[in-house]
Ligand code: IVH
């Protein structure tokens, strides 16, 4: 391995990264990408002095200790004038013509991204730092968090980059990631973000870049503040140039001359809006020619050469009939407003979550109130505000109940949490939610056992805990409303089928706090079987990749509970037999840690690594107590001595070939 080969590998990884994240057309599989990344990590561990600051391993750094540094912008970060009215757009085009001595300018039409503005500086082609807009003159240095964004090249893909390049754009969260983030926060009793924009801005202010990386922020650039202006004449060319540099740019850019084309663009984008995976709040109209832009100038806050047409969020006015309480699986009490049905953005809305008491107090929402409901894109509908003048005199402030509406236990509110919770483990509503989750597609996946059937089975006390599902008899099923021999048979068959669930789904079904699908997969991968998992100490759990302390403690505590262990035992006795995923079961390399040394004759290192990984093995770059096998080729290095010292099994190439 030479230094040049190392650098080539860094570039290769970036190209794949770009194809995946920016162009959405990957050339290689995730697995192949992981292997390349693993190879790079190995090289960097062997030759730490080679590490390039643009290496893809350098994205996630250490936490900031002294907060964010305030940095002055080289030129002010302007805002945009904006309007909801067609007339004001016409005024804008008229003014532009007047300012440009009567000549009709060309316009560059763009999406107005609904995120938070960022300025990113590249020095001699390398990512240098990133600053928030702040007050337009000074912003916060959020370099570490911006660096975690996969679309951001750490090195520009151009031979002769400008000395200094400053690009400006928008950091945002895709809707699916926003919803995932909020769901996790809601489950954890943390306040949820009101919209993706706030969530993106908040994410930039995280002290720990690892947390920022987990948010999967995205960015697009729409402006150049410093760069080779001698080679670029128009805003449209700015986009093309940024693209050439490997930077993520806006989609759906259009050029036009006539005002009516602005409306056509706006109407098309308004329709497209619902289908976009991120939020936009309008379109931006910019005079295309950069020298015309200079001629028109700017005030201290906004340019005269650009304006935004904002889409009014789709709203509806309706009344709150009542506020009901939903008791979740974790016991969290969530207030839900039941509305007079109202049509907003194409769908009829009859209920909307009010999240928690704090949120209700903040908006002062009361039963009987007339409220404005808003629905933007894919986002869940929300109450924007109360129309106070419509409020009836007798209408009292609303308070979350002090007792669980299902079991009447006194609710508790833990410090730092916004949700009130029912602490009663026997709470029927909690059990119902838990059972319906247990049988859901995400978990054990039992067909023909829907919400209504579950309710009946619970009412008749046939099911009180998950293991009871495996005790159900045909006779019991036939006693349910609407059940005939055939439907009973179908359900019993589904239950039987579910006994061959994967270990990962079974772990998921146990409903351990903070354990979602990814964690369940990780646990299933690292545990021999369910009993092995129940025996793990907090320390052993933390050692599993992807498991942090909070999650480890939660898993550990779950298995300390006799009831939980009793349930697992009962289910296994009743025939439930969670299986590790097939690939993993088949080979004894599964779960074993391999280190490679020396040169192999029949395989490249990559090939050998892939073969091991395909069989469930893991590749590590250095020998430690955790290493299971050292795969040894010709002229092995110091790793061989270390492996012998630590009693690590040595695997020759021939043995390896035989094992496969
Ligand atoms: S240009 C000199 N273009 O909207 C003009 N801004 O409301 C600088 N924004 O602060 C901005 N999409 O954060 C521009 N295509 C786009 C945009 C855009 C979203 C944001 C930007 C700006 C805010 C103003």
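The values are calculated or read from the model by the stated rules, or taken from the named source; none is laboratory data. Not measured: the values here are computed from a predicted model. Glycine also receives a Cβ, built like all others from the backbone with ideal geometry; neighbour counts cover every protein chain displayed.
In region 76-83, is there at least one residue being away from the ligand (no atom under 16 Å from the Cβ) and in contact with a helix residue (DSSP H, G or I) (Cβ under 8 Å, 6 or more places away or on another chain)?
No, region 76-83 has no match at all.
Starting from residues that are more than 13 Å from the ligand (Cβ to nearest atom) and within 23 Å of residue 219 (Cβ to Cβ), keep the ones in region 263-273 and report whichever is nearest to the chain's Cα centre (by Cα). Show your work before the answer.
Just the residues of region 263-273 that are more than 13 Å from the ligand (Cβ to nearest atom), to begin with: 263-264, 266-268, 270-273.
Right, trim to within 23 Å of residue 219 (Cβ to Cβ) and you get 272-273.
Working: 272: 23, 273: 20 Å.
Looking at residues that are more than 13 Å from the ligand (Cβ to nearest atom) and within 23 Å of residue 219 (Cβ to Cβ), I get 273.
One residue is enough: does region 65-81 have a residue meeting the conditions outside any loop (DSSP other than H, G, I, E, B), closer than 20 Å to residue 606 by Cα and in contact (Cβ under 8 Å) with a residue 60 or more places away in the chain?
From region 65-81, those outside any loop (DSSP other than H, G, I, E, B) are 70-72; that's our starting set.
Applying the additional criterion that residues be closer than 20 Å to residue 606 by Cα yields none.
No; the residues of region 65-81 include none that is outside any loop (DSSP other than H, G, I, E, B), closer than 20 Å to residue 606 by Cα and in contact (Cβ under 8 Å) with a residue 60 or more places away in the chain.
For region 379-414, which residues satisfy the criterion of being in contact (Cβ under 8 Å) with a residue 40 or more places away in the chain and over 22 Å from residue 327 (Cβ atoms)?
Across region 379-414, the qualifying residues are 379, 384, 387.
What pairs come out if I take residues in region 648-660 that are under 11 Å from residue 595 (Cα atoms) and pair them with residues that are exposed (fewer than 14 other Cβ atoms within 10 Å of the Cβ) whose C-beta lies under 9 Å away, six or more apart or interchain?
Pairs that qualify, where the first residue is under 11 Å from residue 595 (Cα atoms) and the partner is exposed (fewer than 14 other Cβ atoms within 10 Å of the Cβ), are 648/624; 648/625; 650/644.
Can you name the condition, by its number, that residue 623 falls short on among (1) in contact with a helix residue (DSSP H, G or I) (Cβ under 9 Å, 6 or more places away or on another chain); (2) within 30 Å of residue 514 (Cα to Cα)?
Of (1) in contact with a helix residue (DSSP H, G or I) (Cβ under 9 Å, 6 or more places away or on another chain); (2) within 30 Å of residue 514 (Cα to Cα), only one is false for residue 623: (2).
Inspect region 182-196 for any residue being within 16 Å of the ligand (Cβ to nearest atom), closer than 26 Å to residue 63 by Cβ and either at pLDDT 95 or above or assigned to a helix (DSSP H, G or I) (or both) and give the result as yes or no.
Step one: of region 182-196, the residues within 16 Å of the ligand (Cβ to nearest atom) are 195-196.
After this cut, where a residue has to be closer than 26 Å to residue 63 by Cβ as well, the list is 196.
Narrowing the set further to residues that are either at pLDDT 95 or above or assigned to a helix (DSSP H, G or I) (or both) leaves 196.
Checked region 182-196: at least one residue is within 16 Å of the ligand (Cβ to nearest atom), closer than 26 Å to residue 63 by Cβ and either at pLDDT 95 or above or assigned to a helix (DSSP H, G or I) (or both).
Name, by its number, the condition in (1) within 16 Å of the ligand (Cβ to nearest atom); (2) free of Cβ contacts under 8 Å to residues at least 24 places away in the same chain; (3) within 30 Å of residue 104 (Cβ to Cβ); (4) surrounded by fewer than 19 Cβ atoms within 10 Å (Cβ to Cβ) that does not hold for residue 260.
In the conditions (1) within 16 Å of the ligand (Cβ to nearest atom); (2) free of Cβ contacts under 8 Å to residues at least 24 places away in the same chain; (3) within 30 Å of residue 104 (Cβ to Cβ); (4) surrounded by fewer than 19 Cβ atoms within 10 Å (Cβ to Cβ), residue 260 misses (1) alone.
Please note which strands (runs of 3 or more DSSP E) are completely contained in region 99-150 and include at least 2 residues that are within 14 Å of the ligand (Cβ to nearest atom) and crowded, with 21+ Cβ neighbours inside 10 Å. Walk me through it before giving the result.
Numbers: elements: 107-113, 116-123, 126-132, 138-140.
Where strands (runs of 3 or more DSSP E) fall fully within region 99-150 and carry at least 2 residues being within 14 Å of the ligand (Cβ to nearest atom) and crowded, with 21+ Cβ neighbours inside 10 Å, they are 107-113, 116-123, 126-132.
Residue pairs, Cβ under 9 Å, 6 or more apart or interchain, first in region 290-309 and without any contact (Cβ under 8 Å) to a residue 60 or more places away in the chain, second within 11 Å of the ligand (Cβ to nearest atom) and part of a helix (DSSP H, G or I). List them.
Sorted first by the residue in region 290-309, then by its partner, the pairs are 293/235.
Going through region 197-219 one residue at a time, which ones are over 14 Å from residue 116 (Cα atoms) and assigned to a loop (DSSP other than H, G, I, E, B)? Spell out how you get there, then give the answer.
We begin by selecting, within region 197-219, every residue over 14 Å from residue 116 (Cα atoms); these are 206-216.
Those that are over 14 Å from residue 116 (Cα atoms) and assigned to a loop (DSSP other than H, G, I, E, B): 206, 207, 208, 215, 216.
Kindly list, by first and then second residue, each pair from a residue in region 617-645 that is at positive phi to a residue that is modelled with pLDDT under 90 and not in a strand (DSSP E or B), limited to pairs with Cβ atoms under 6 Å and residues at least 6 apart or on different chains.
These pairs meet every condition: 635/598.
When you go through 512, 507 one by one, which is the residue that is within 33 Å of the chain's Cα centre (by Cα), within 21 Å of residue 561 (Cα to Cα) and at pLDDT below 95?
Numbers: 507 fails: at pLDDT below 95.
The conditions single out 512.
Do we have residue 312 as away from the ligand (no atom under 14 Å from the Cβ), surrounded by fewer than 17 Cβ atoms within 10 Å (Cβ to Cβ), closer than 30 Å to residue 91 by Cβ and modelled with pLDDT under 95 here?
Numbers: away from the ligand (no atom under 14 Å from the Cβ): yes; surrounded by fewer than 17 Cβ atoms within 10 Å (Cβ to Cβ): yes; closer than 30 Å to residue 91 by Cβ: yes; modelled with pLDDT under 95: yes.
Judged against the criteria, residue 312 is a match.
Got a sec? Which helices (runs of 4 or more DSSP H) wholly within region 426-470 have at least 1 residues that are over 33 Å from the mean Cα position of the chain (by Cα), more than 20 Å from residue 505 (Cβ to Cβ) and free of Cβ contacts under 8 Å to residues at least 60 places away in the same chain? Talk me through it step by step, then tell me what you get.
Values: elements: 428-439, 451-459, 466-469.
Counting at least 1 such residues, we get 451-459.
May I ask you to say which residue of 55, 25 is surrounded by 15 or more Cβ atoms within 10 Å (Cβ to Cβ) and in contact with a helix residue (DSSP H, G or I) (Cβ under 9 Å, 6 or more places away or on another chain)? Can you show your working first?
Details: 25 fails: surrounded by 15 or more Cβ atoms within 10 Å (Cβ to Cβ).
From the options 55, 25, the qualifying one is 55.
Taking region 626-660 only, how many residues are within 20 Å of residue 525 (Cβ to Cβ) and assigned to a loop (DSSP other than H, G, I, E, B)?
Number of matching residues: 3.
Is it the case that residue 276 is surrounded by fewer than 19 Cβ atoms within 10 Å (Cβ to Cβ), touching a residue at least 12 places away in the same chain (Cβ under 8 Å), within 16 Å of the ligand (Cβ to nearest atom) and assigned to a loop (DSSP other than H, G, I, E, B)? First the steps, then the outcome.
Details: surrounded by fewer than 19 Cβ atoms within 10 Å (Cβ to Cβ): yes; touching a residue at least 12 places away in the same chain (Cβ under 8 Å): yes; within 16 Å of the ligand (Cβ to nearest atom): yes; assigned to a loop (DSSP other than H, G, I, E, B): yes.
So residue 276 fits the description; yes.
Look at residue 198 and say whether it is buried (at least 18 other Cβ atoms within 10 Å of the Cβ) and free of Cβ contacts under 8 Å to residues at least 24 places away in the same chain.
Values: buried (at least 18 other Cβ atoms within 10 Å of the Cβ): no; free of Cβ contacts under 8 Å to residues at least 24 places away in the same chain: yes.
No: the conditions fail for residue 198.
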